[in-house]
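The values are calculated or read from the model by the stated rules, or taken from the named source; none is laboratory data. Here the structure is a predicted model, which means the values were calculated and not measured. Note that each Cβ is placed from the backbone with ideal geometry, even for glycine, and that neighbours are counted across all protein chains shown. For accessibility, only protein heavy atoms count, side chains too; no ligands or nucleic acids. Shrake-Rupley method; radii C 1.70, N 1.55, O 1.52, S 1.80 Å.
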Amino acid sequence: MNRILETRILAPDVKYFRVEAPRVARKRRAGQFVIVRVTGNGERIPLTIADADPEAGWIALIVQGVGKSTRTFNHLEVGDTINDLAGPLGMPSEIDQHHTAVVVGGGVGTAIAYPTAVALADAGSDVIAIIGGRSRQYVILEEELRAVCTGVHPTTDDGSYGYHGLVTDKLAELLSDGHRIDYVMAAGPVPMMRAVAEVTRPHGIDTVVSLNPIMVDGTGMCGGCRVSVGGETRFACVDGPEFDAHLVDFELLARRNSTYGAFENYRNEELTADQRCRVGPPGSR
Amino acid sequence: MGGDLSRRERLKLPRQEMGEQPPQARAVNFDEVNLGYTPAQAVAEAERCLLCARPTCIEGCPVGIDIREFVRLVAEERFQDAADVVKRDNFLPAICGRVCPQEDQCEGACVLAKKYTPVAIGNLERFVADYERGHGGPAGVVAVAKTGKRVAVVGSGPAGLACAADLVRSGHEVTVFEALHELGGVLLYGIPEFRLPKEIVRAELDQLAELGVRFETNAVIGMIETIDELLDEDGYDAVFLGVGAGLPRFLGVPGENLVGVYSANEFLTRVNLMRAYAAGAETPLLDLYQKRVAVFGGGNTAMDAVRTARRLGAAPAMILYRRSEAEMPARAEEAVHAKAEGIELATLVSPIELLGDDDGWLTGVRLQRMELGETDESGRQRPQPIPGDEYEIAIDVAVVAIGNAPNPLIHKTAPDLEQTAWGTIVADPETGRTSKVAVFAGGDIVTGGATVILAMGAGRRAAVSIDEYLDTGVWEIEPGGLSDRPRGSARHPSSLPVPGR
């Protein structure tokens, strides 16, 4: 059982958890993830380890409540425990020293890009972060990134904060301004990652994306997370989750991620109805 | 009493058929298909045993259970004594009685098998194990002197559990590490409830815990701890690797990544471990009701998958197998059960391409008709395509059950562990000793995908060798020395004539 030490709301439906997990904290490296199960009947959810303190023995997880399981997770508070937590899983990010590395985070994808930004900076790279959101309230971890990056560029779709436009527009702008960018790492929605790959492709810049396919065990056993990279089938859980952005079949990824759309909609409606029923005068539950 | 019967009278006794749920009923529920013997049936069946002076059945058992003795005790209605005899050699009889391929092992070796029908040893094993569980479990734990030695067992499947059971009974301190959130390995995530109720797996695990075996779930060895760390930092004196062959093989044809194509591991894990069939389960599964489901493969896993699909409403639920029915590696009983439940069986067909719609969802499969050709190294006739004989059928969901490759996780973190070209760990088949001092391995990670009982046998042999190593401190295998000896793992796992899982 892993106890929750701290929680914070970062954005609507996006919550930060500091979780007691001493062994994982000691072992994990940037880019790796854990699988959690909130309840005895729960789904196994893969979550990137956003941060960790090996001395204090905690890891940080950032959860976006999109499906029933993640929404249930986001109801947890300090002192609650997570039934199961296994990891670290996946291959760590390949961290080399670059002249200038850019990390691109879309929405909650910034939580995946953040630990890589820290590791790249620690390795001596200049790191620029581009972090996007629909509007100001969806831009997360800006302050944390400023502590390690030479530049942080928030972007919003509606122009309510920072650069008005998409993360890829900002990335293209940095490239045309003549920044000597030799490495790009992107994490976020599939269309965003695909767009980042297309921006850097003509420049021949090394670009990796952290993929988020459907996963059950996270140890190579189920093959549910298979992705196509350069025409080869790879398992994101043991071969990834980071892959060469210029070789990933994003269309396949998007399709496979839609497998349980109908199921999730149904579960979400059920959960919402359930919560509505529970709303009553204080103490009525 | 059985002792009064003459040999001739015994030969005339009919084999007792085990009761089972009617096919129409069981095809729509997940309850166990076989209902077990009544005590009277068990005695009647045990009386068929000729009590041979040289019991060939025991030679046919991978773990050498004293079959003649336990069957004799059943005939005398001494059921608990019979269970005690079985447990001397097999700590998980309720499981083995249900999933062993007895027709290829003890029952295949029974002298009655040639001219009559063999004694139903598997049914009797199951009966005595269930009897014991239903009558307050085994006699109290016998205290053994502690050796002060510690062993880490990696993987809580059949190999690891059998190894742990023997080690703890030798007085060693044993910790079993399991990557998933529940114990049992393939017994849990792989074999469905209707063939092996999870309650039975849990009861057998509880017995191990009572003996003092410690279990740690959510512990992915290789990632959270390396083997070296277990040995050097955590103070374990030996490590047994029973991690199984967990990496699913796919067909290698276009379209295998379409939505609707599952590996058997994923499909069965969602249903068995995550209970996606139960109301209120949070883990999703594609709706199979009235859907056309095709399972590729002919082993026990394929049978498990197709019968599971049937229970989830698939119509039709079909097996597509590239050889003929006679070559199917599944246990005979599974194939019989599957057909009774309305499973369709298409043999001598091989998929060429999985077909999808514009949104990437599976819609069908293009099949190549095959014929049997030369005998291959597994002793079966090799299937070969009939040129130009291709056709398409519509399917909504496909499950690929053509076997597993060894999981690469362990090797990645222990490069000094010698492995074969197929990724299996090189280990002495008699002792389980690997190229790395103090590290033993057994089960599917050494042999490639095989059976529960073979894995248990390997776990038990390794336990003997671990005990010896802990006692003497002698590790006689020089690094690299294993490569010069003949061993099972030197052959490609898929060429071994193993009966599925």
**Message:** Please report the net charge: other residues with Cβ closer than 14 Å to the Cβ of B:GLU47, K and R +1, D and E -1.
**Reply:** +4
**Fill in**
Between A:ASN257 and B:PHE250, the two model label points (7 Å from Cα along the beta-carbon direction) sit apart by a distance in nm of 1.8
**Request:** With all protein chains present, calculate the accessible area of B:THR413 using a 1.4 Å probe and round the result to the nearest 10 Å².
**Result:** 40
**Asked** To the nearest 0.05, how large is the calculated FRET efficiency for B:CYS52 and A:ARG23 if R₀ is 56 Å and r is the Cβ-Cβ distance?
**Response** 0.55
**Asked** Do you know the relative contact order of chain B, to the nearest whole percent, from alpha carbon pairs under 8 angstrom that are 6+ apart?
**Response** 15
**Message:** Over the Cα atoms of the stretch B:133-273, each weighted equally, I'd like the Debye log10 I(q)/I(0) at q = 0.19 Å⁻¹, rounded to two decimals.
**Reply:** -1.13
**Complete:** Averaged over residues of B:223-232, the number of beta carbons from other chains lying within 10 Å of each residue's Cβ is 3
**Item:** Of all DSSP beta bridges in chain A, antiparallel share, percent nearest 5
**Value:** 60
**Complete:** For chain A, Rg(Cα) over 2.2 N^0.38 Å is 0.99
**Calculated [θ] (222 nm, deg cm²/dmol) that DSSP helices of n ≥ 4 give over chain B, each run adding -39,500 (n - 2.57)** = -9000 deg cm²/dmol
**Prompt:** Counting only Cα, what are the radius of gyration and maximum Cα-Cα distance Dmax of the stretch B:156-200, in Å?
**Reply:** 11.8, 36
**Message:** Which one, A:ALA25, A:VAL148, A:ALA101, is farthest towards the positive end of the dipole of chain A when Lys and Arg carry +1 and Asp and Glu -1 on their Cβ?
**Reply:** A:ALA25
**Message:** Suppose a student asked you for the relative contact order of the stretch A:19-178, using Cα pairs under 8 Å spaced at least 6 residues apart; what percent would you report?
**Reply:** 18
**Asked** Each label point is 7 Å from the Cα along the Cα-to-Cβ direction; what then is the distance between the points at B:ASP416 and B:ALA279, in nm?
**Response** 5.7
**Peptide-level mean, for A:209-221, of C-beta atoms on other protein chains within 10 Å** = 5
**MRE, 222 nm, helices only [DSSP H, n ≥ 4, -39500 (n - 2.57), over chain A, to nearest 500]** = -8000 deg cm²/dmol
**Message:** I need the calculated FRET efficiency for the pair B:ALA25 and B:VAL144, taking r as the beta carbon distance and R₀ as 60 Å, to the nearest 0.05.
**Reply:** 0.85
**Prompt:** Based only on Cα atoms, what Rg/Rh ratio does the stretch B:1-160 have, Rh being taken as Kirkwood's radius?
**Reply:** 1.01
**Request:** Mind pulling the per residue volume of the convex hull built on the Cα atoms of the protein assembly as shown? Å³ is fine.
**Result:** 189
**Prompt:** Which entries in B:LYS412/B:LYS436; B:LYS87/B:LYS149; B:LYS114/B:LYS339; A:LYS68/B:LYS198; B:LYS12/B:LYS114 show an alpha-carbon gap greater than 18 Å?
**Reply:** B:LYS87/B:LYS149; B:LYS114/B:LYS339; A:LYS68/B:LYS198
**Prompt:** So what is the orientation-averaged projected area of the stretch B:192-297, using the convex hull of its C-alpha atoms, in nm²?
**Reply:** 10.3
**Request:** Enter the per residue convex hull volume of chain B, computed from alpha-carbon coordinates, in Å³ rounded to the nearest integer.
**Result:** 160
**Complete:** For the stretch A:1-156, the percent of accessible surface on carbon and sulfur atoms (probe 1.4 angstrom, ligands and nucleic acids excluded) is 45
**Request:** Taking 50 Å² as the minimum loss, tell me which residues in the stretch B:261-293 lose that much accessible area going from the chain by itself to the full protein complex (1.4 Å probe).
**Result:** B:GLU266, B:ARG270, B:MET274, B:GLU282, B:PRO284
**Prompt:** Which of the GluC sites (Glu not before Pro) found in the stretch A:187-255 are in a DSSP loop and have at most 16 neighbouring Cβ atoms, other than their own, within 10 Å?
**Reply:** none
**Prompt:** Which of the peptides B:43-53, A:101-111 is most tightly packed, and how do the rest follow, judged by the mean count of other Cβ atoms within 10 Å per residue?
**Reply:** A:101-111, B:43-53
**Request:** Using a 10 Å cut-off on Cβ atoms, rank the peptides B:243-249, B:369-375 from the highest mean neighbour count down.
**Result:** B:243-249, B:369-375
**Prompt:** Around A:LEU141, what is the net charge, scoring Lys/Arg as +1 and Asp/Glu as -1 over all other residues with Cβ under 12 Å from its Cβ?
**Reply:** -2
**Item:** Virtual spin-label span in nm between A:ASP13 and B:ALA326, 7 Å along Cα→Cβ
**Value:** 6.0
**Request:** Using a 1.4 Å probe and ignoring any ligands, DNA or RNA, find the accessible area of A:PHE17 and quote it in Å² to the nearest 10.
**Result:** 0
**Request:** Would you tally the net charge around B:PRO406, using a Cβ to Cβ cut-off of less than 12 Å, leaving B:PRO406 out, and scoring K and R as +1, D and E as -1?
**Result:** +1
**Asked** For the stretch A:78-161, what are the per-bin percents of Cα-Cα distances with bins 10 Å wide, up to the bin holding the maximum?
**Response** 18, 40, 28, 14, 0
**Prompt:** For the stretch B:257-333, with every protein chain kept in place, what is the accessible area per residue (1.4 Å probe, Å²)?
**Reply:** 25
**Request:** Enter the mean number of other protein chain beta carbons within 10 Å of the beta carbon of each residue in B:409-417, as an integer.
**Result:** 1
**Item:** Probe 1.4 Å, protein heavy atoms only - accessible area per residue of chain A in square angstrom
**Value:** 41
**Complete:** Between B:ARG382 and A:HIS164, the FRET efficiency computed from the C-beta separation at R0 = 51 Å comes out, to the nearest 0.05, as 0.20
